[in-house]
1. Which loop GluC sites (Glu not before Pro) in the stretch 34-93, with loop taken from DSSP, have no more than 14 other Cβ atoms within 10 angstrom of their Cβ?
2. So if I place +1 on the C-beta of Lys and Arg and -1 on the C-beta of Asp and Glu, and nothing else carries charge, what would the dipole magnitude of the stretch 14-104 be about its Cα centre? I want it in debye, nearest 20.
3. Sequence-distant or interchain residues sharing an amide H contact under 5 Å with Asp61, placed H: which?
4. Along the stretch 82-92, what does the Karplus equation 6.51 cos²θ - 1.76 cosθ + 1.60 (θ = phi - 60°) give for ³J(HN,Hα), rounded to whole Hz, x for Gly and Pro?
5. Could you tell me which trypsin sites (Lys or Arg not before Pro) in the stretch 27-107 are loop residues by DSSP with no more than 11 other beta carbons within 10 angstrom of their beta carbon?
6. How big is the stretch 14-104 by Rg and Dmax over its Cα atoms, in Å?
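Each reported figure results from applying straightforward, stated rules to the coordinates on display, with no laboratory input. All values reported here derive from a predicted model rather than from experimental measurement. All Cβ positions, even for glycine, are placed from backbone atoms using ideal geometry, and neighbour counts span all protein chains on display.
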Amino acid sequence: MSARKPPAPGKAHCSACDAVCCRLTVVLQASDHIPDHLTTHTANGLHVMAKDPEGWCVAMDGARMNCGIYETRPSVCRRFVMNGPYCRAVRAEHDEQHAQVASLTPA
């Protein structure tokens, strides 16, 4: 088995990812079979993955920074492509917000 190459600058990689996508709202499809205790409904009636008080998907294993239901994850999560256009856009928005907060924090 070969060692993983480090990610190119500006690229997401499992070994160095903030898992920003795990804070997005995940709308479930009828074909998704997610245990009820991991889901909720929005005020608009959408069936979605539940989030913890900090905004993380409840299926996220925070200690390992991976999905605790990876094999049965929702279809929208299966279609989310690491380093794809949407991933890069979400990460850029996150980085921008993080930079704004950091600039407001006294040193």
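1. The qualifying sites are Glu54.
2. For the stretch 14-104, the charge dipole is close to 240 debye.
3. Residues meeting the amide H criterion: Asn66, Cys67, Gly68.
4. Running phi through 6.51 cos²θ - 1.76 cosθ + 1.60 with θ = phi - 60° gives 4, 6, x, x, 5, 4, 5, 5, 5, 5, 5 Hz.
5. Counting only loop positions with at most 11 other Cβ atoms within 10 Å, the trypsin sites (Lys or Arg not before Pro) in the stretch 27-107 are Arg64.
6. 13.9, 44
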